[in-house]
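Asks: Following this message is one structure expressed as structure tokens.
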Number of protein chains: 2
Amino acid sequence: MDQPSIGDAFGEMIRDAYAVRTGIGPRPLAGGRLPRPVIEVIERDDGLINGAPADHYLDEPGDWQPWDRRALRLCRGRVLDIGVGAGRVALELQRRGVAVTGLDTSAGAIEVSRKRGLRDTVLNTVDEFSRASVRYDTFLLLGNNLGLLESAERAPVFLAALSRLAAPGARIVAQGADPYGTRDSLHVAYHQRNRERGRLGGQLRLRLRYRELATDWFDYLNCSTDELEDLVKGTGWRVKSIDGKDHPYYVAVMELDI
Amino acid sequence: MDQPSIGDAFGEMIRDAYAVRTGIGPRPLAGGRLPRPVIEVIERDDGLINGAPADHYLDEPGDWQPWDRRALRLCRGRVLDIGVGAGRVALELQRRGVAVTGLDTSAGAIEVSRKRGLRDTVLNTVDEFSRASVRYDTFLLLGNNLGLLESAERAPVFLAALSRLAAPGARIVAQGADPYGTRDSLHVAYHQRNRERGRLGGQLRLRLRYRELATDWFDYLNCSTDELEDLVKGTGWRVKSIDGKDHPYYVAVMELDI
């Protein structure tokens, strides 16, 4: 059986979700006739697969999870929205008059966020972009994007890149999910296997698939707030506050310890 | 990366879709908290993947496609619903007082169709079941299940099993989809590749995946009505009528040529 092609699976999915939501551009059809809902497929390296409707990437603030709305109030000054996707959050900040830049590694996502009106976008990795001379007051990681810390090895490298981009007094506002309350035996076994391999329990090895495309495999970290405290040690960042009202989801604010 | 386990992926999916629809039984949750829609994931052997919400397997007749409703009027006498799934169609026939048996190879599907009130069910393949001494007047293959003809090699074997189960004057009522009107280059290339390999253009090599489970790879045939005419030649069955009002979807009635 053929493997999928490596490509911008996320961007193609966002393009299609945008077409379905707006009627702009060719919409995916089944049998050339019936509307086909746009589904994000996520594979985990233990063989688990999950599909989820992609439409939420385009949700208006009224449809957001409450912790996302609360997180917006934690933004200060110039904002870098990391993993901007279809611009869901950045567009709302822009509407509110905030100076916001949307960064993504997906060309399709950047294209859609611009079509939707987002003015300042960057198609790049955080690492590459951190060589730029711009500075931000808030780094925003919503939609579970605290996961971009990836692993104990990667987290300090990622956080160092943010340090280089940080204006004095800068903060990170990041939404995470504590994975350890689950009673799902598949997940419990996965966490256990991870630990046996020296990985964090919630360190997921994933790839996205959409139609004929897949991303490369990547790590995506679900960690507890205790683990987060450990991860930031020695990076110059410290956890200043946790909004844990909607456990297992939380919004962490981190600040530079200087 | 680990392969999924081979198992009753379809049945597990139907169980979860039933739990979500009815609130009976444990519902799938994301993060142990947010309802997770039940998505059927279908992989094709060229690396294509598609997700689709599974809820339609439980749809009431008012939500059906119009060709399904028209197909019911074509049933006569005792009905064998092949690939009964969650009992969507068989339950409606039963409500109408029709003597209907639901057959499926998925234990989970049979369990759900029985929970929903379907009285007469068979957990078996058509081939094995055709050794039984029961006889049917109508073989019903809705939900695209003309696809169970699989291939030019398999179709006569499948149709011979139905012949063994056929009462005098029996008919097949089967819904198919003509795949050849597509302008999707992925599908056009797949049809071409199939033909180069001596397969029918719309002979799909698929597997279903749900969570950690996958089915084995199987053939599922989308064929034109011309191809269908060819496939039934010499099997004792002939195409009596085609309802093609909703192209590319069609409902074919086949009868024994004796």
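The values are calculated or read from the model by the stated rules, or taken from the named source; none is laboratory data. Values in this document were obtained by computation on a predicted structure and should not be read as measured data. Cβ sites come from the backbone with ideal geometry, for glycine too, and all protein chains shown count toward neighbours. Just so you know, the surface numbers come from the protein's heavy atoms only, side chains and all, with ligands and any DNA or RNA stripped out. Shrake-Rupley method; radii C 1.70, N 1.55, O 1.52, S 1.80 Å.
Asks: Between A:LYS233 and A:TYR180, take the C-beta separation as r, use R0 = 22 Å, and let me know the FRET efficiency to the nearest 0.05.
Replies: Calculated value: 0.65.
Asks: Loop only per DSSP, at most 13 neighbouring Cβ atoms within 10 Å: give me the trypsin sites (Lys or Arg not before Pro) in region B:163-213, ordered by residue number.
Replies: Values: sites: B:ARG164, B:ARG171, B:ARG183, B:ARG193, B:ARG195, B:ARG197, B:ARG199, B:ARG205, B:ARG207, B:ARG209, B:ARG211; in loops: B:ARG183, B:ARG197, B:ARG199.
Those satisfying the criteria are B:ARG183, B:ARG197.
Asks: Here's a follow-up. Along Cα→Cβ at 7 Å, what distances in nm separate the A:LEU186 label point from those on the other copies, shortest first?
Replies: Relative to the other copies, A:LEU186 has label-point distances of 2.2 nm.
Asks: Next question, about the same structure. Note down the relative contact order for chain A as a percent, whole number, built from C-alpha pairs under 8 angstrom at least six residues apart.
Replies: Values: 507 pairs, mean separation 53.6, N = 258.
Relative contact order here is 21 percent.
Asks: Enter the accessible area per residue of region B:160-258 (Å², integer; probe 1.4 Å; all protein chains in place).
Replies: 45 Å²
Asks: Report, as an integer, the average count of C-beta atoms from other chains found within 10 Å of each Cβ along A:37-50.
Replies: Rounded to a whole number, the mean comes out at 6.
Asks: Can I ask one more? Using only protein heavy atoms and a 1.4 angstrom probe, determine the accessible area buried between A and B, summed over both sides, in Å² to the nearest 100.
Replies: Working: alone 12750 and 12760 Å², together 22330 Å².
Buried area between the two chains comes out at roughly 3200 Å².
Asks: Report, in debye and to the nearest 20, how large the dipole of region B:189-258 comes out about its Cα centre when Lys and Arg carry +1 and Asp and Glu carry -1 on their Cβ.
Replies: Its charge dipole is roughly 360 debye.
Asks: What ranking, highest mean first, results for peptides B:218-229, A:224-235, B:58-69, B:8-19 when packing means the other Cβ atoms within 10 Å averaged over each residue?
Replies: B:8-19, B:218-229, A:224-235, B:58-69
Asks: Got a number for carbon plus sulfur as a percent of chain A's accessible area, 1.4 Å probe?
Replies: Carbon and sulfur: 49 percent of the exposed surface of chain A.
Asks: So what's the back-of-envelope 222 nm ellipticity for chain A, counting only DSSP H runs of four-plus at -39500 (n - 2.57) apiece and dividing by all residues, rounded to 500?
Replies: -8000 deg cm²/dmol
Asks: List the residues of region B:215-251 that lose 50 Å² or more of accessible area once all protein chains are present, compared with their chain alone (1.4 Å probe, heavy atoms only, no ligands or nucleic acids).
Replies: Buried on complex formation: B:TYR249.
Asks: Here is a follow-up. Can you tell me the mean projection area, over all orientations, of the convex hull of the protein assembly as shown's alpha carbons? Units nm², please.
Replies: One quarter of the hull surface, i.e. the mean projection, equals 25.1 nm².
Asks: Right, next: Please report the residue of chain B with the smallest beta-carbon distance to the B-to-A rotation axis, and give that distance in Å, no decimals.
Replies: B:GLY51, 2
Asks: Further question on the same structure: What is the Cα coordinate range of chain A on the first, second and third principal axes, sorted by size from largest, in whole angstrom?
Replies: 59, 47, 34
Asks: Let me ask another. Measuring from label point to label point, each 7 Å out along Cα→Cβ, what is the B:THR225 to A:GLU60 span in nm?
Replies: Distance between the two pseudo-spin positions: 4.4 nm.
Asks: Also, I was wondering about something else. Spin-label point model (7 Å from Cα, Cβ direction): what's the A:GLN192 to A:LYS245 distance in nm?
Replies: Simple spin-label model gives 3.7 nm for this pair.
Asks: Per-residue mean of other chain beta-carbon atoms within 10 angstrom of the beta-carbon, peptide A:183-194?
Replies: 1
Asks: Still on this model: Where the centroid of each part is defined by its Cα atoms, how far is region A:95-114 from region A:185-227 in Å?
Replies: 27 Å
Asks: Under 18 Å Cα-Cα from A:LYS115, which aspartates and glutamates qualify once same-chain neighbours fewer than 8 residues away are excluded?
Replies: A:ASP8, A:GLU12, A:ASP16, A:ASP55, A:ASP59, A:GLU60, A:ASP81, A:GLU92, A:ASP104
Asks: Aspartates and glutamates near A:LYS233 by alpha-carbon distance under 15 Å, same-chain residues fewer than 8 away left out - which ones?
Replies: Partners within reach: A:GLU153, A:GLU255, A:ASP257.
Asks: List, shortest first and in nm to one decimal, how far the label point of A:GLY32 (7 Å from Cα along Cα→Cβ) is from its counterparts in the other copies.
Replies: When each copy's label point is compared with this one, the spacings are 5.0 nm.
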